[in-house]
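Every number here is computed from the coordinates shown, using simple stated rules; none is lab data. It should be emphasised that the depicted structure is a prediction, and the values quoted were computed from it without experimental measurement. Here the Cβ is made from the backbone with ideal geometry for all residues, glycine too, and neighbour counts use every protein chain on show.
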Amino acid sequence: MTNAVDIVIRLITLVLVPLMLLSPLAFALPARTAGGRGGGGSANADEPQRAEVRARTIALVIATLLALALWLGAVLASVNIGSQTLAIVARFTWVLFFPLWFLFAVPLLRVKNAAWFRTGAPASNEPVRAARLDNRARTSPVGRSHWLALGLIGGAFLAAILARGLAGPFESDSDRSRWLAFAGSYLLVIVMVAAVLPVSLRMLLSEPEPMDAGGSPELARMYDAHRTAKIRGLFYLLGVGMIVLFGVCMSLAAWLPFGEIAGWIGGLGGSALGIAGAWFGVVMAIHRMRITQFKATLQGPQHPAGPSAGR
């Protein structure tokens with residue numbers, strides 16, 4: 001039974017995880033670009049659209065390579081050092097699928113063909129729409145106090161891991177190597193979160209929010225609530241969740257002579273984090289769909305298409 005479980009775990013780590021990390025790129029890259037942000041073919045796409053597609057494609061490729069590098073580094077380090085904690089890190093790098101999909105692949109698909117994200121009447125019958133031009137750079141619900149608290153939490157866990165090196169001599173060189181690996185791995189997690197999370201939140205602030213021709217206040221309020229929930233959820237899942245989960249696991253593994261407790265905590269915590277991320281993604285998709293449907297009702301008979309609808 002144990003051998004079968006080990007085989008399944010290895011298949012998840014070596015096959016399922018990289019497939020999940022590659023799936024946003026594999027889905028978004030072959031998608032054809034519709035000209036004019038929703039009509040025609042790629043040959044009819046204007047130059048700004050092609051430039052944005054290129055830029056977002058490069059961003060998705062770089063983000064995917066970074067995620068794969070983190071996964072591969074954790075796998076190789078866990079094999080070379082024999083660390084159960086690093087094996088858990090490698091196993092749960094699949095949670096990076098969510099920022100890859102929602103922050104990189106979906107915006108790329110929206111630029112390639114905006115019609116995929118529309119509901120209601122075809123593009124040829126749509127009324128004139130307006131875009132929100134207000135500056136949202138300073139409307140983030142995640143303020144300096146949130147970043148300060150996250151930094152203090154990460155610093156506290158890193159200090160707890162490093163303190164093991166000052167507490168007393170190690171029983172063997174392998175124990176010292178394991179401790180150094182834990183400290184380096186957790187520092188890598190902190191650096192990754194610090195590099196990815198602020199950029200991801202800024203991208204959410206600049207996400208397109210198309211309005212109806214009349215500029216409905218209710219539609220604007222729905223966009224504000226959706227954006228706030230998405231930014232907060234990403235901050236607590238990708239930021240606080242990863243910092244706390246890996247901090248607890250690696251601190252315990254650095255101080256305890258056995259890694260079973262850290263392994264159990266990492267397994268259960270990683271599973272809970274993954275389930276929460278999946279649930280969060282589904283809820284945000286449903287919210288966005290409701291916003292799109294509400295916008296479609298505003299573009300009904302009271303706002304007929306035609307010259308009279310223009311402004």
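For this structure, a couple of remarks:
- Packing, as the average of other Cβ atoms within 10 Å across residues, places the peptides 162-168, 196-202 in the order 196-202, 162-168, highest first.
- Residue exposure proxy: Ile190, Ile62, Ile88, Ile153, ordered by other Cβ atoms within 10 angstrom of their Cβ from fewest to most, comes out as Ile62, Ile153, Ile190, Ile88.
- Ranked list, fewest to most other Cβ atoms within 10 Å of each Cβ, for Asp46, Asp224: Asp46, Asp224
- Potential lengthening of the chain between Arg176 and Ala163 amounts to 3.4 nm, from the contour at 0.36 nm per residue minus the alpha-carbon distance.
- Förster-model FRET efficiency, 35 Å R0, Gln293 and Arg138, C-beta, rounded to 0.05: 0.75
- Compared with the direct C-alpha span, the chain from Trp255 to Ala31 gains 75.7 nm at full extension, assuming 0.36 nm per residue.
- Note on Ile153 and Arg50: the extension gain reaches 32.9 nm, defined as 0.36 nm multiplied by sequence separation minus the Cα-Cα distance.
- Computed from phi, the 3J(HN,Hα) profile of region 140-149 under the Karplus parametrisation 6.51, -1.76, 1.60 (θ = phi - 60°) reads 5, x, 9, x, 5, 5, 5, 5, 5, 5 Hz, with x in place of Gly and Pro.
- Cβ-to-Cβ counts within 10 Å put Val282, Val89 in ascending order as Val282, Val89, the fewest first.
- Label separation (Val283 vs Arg10): 3.9 nm, computed from points 7 Å beyond Cα along the C-beta direction.
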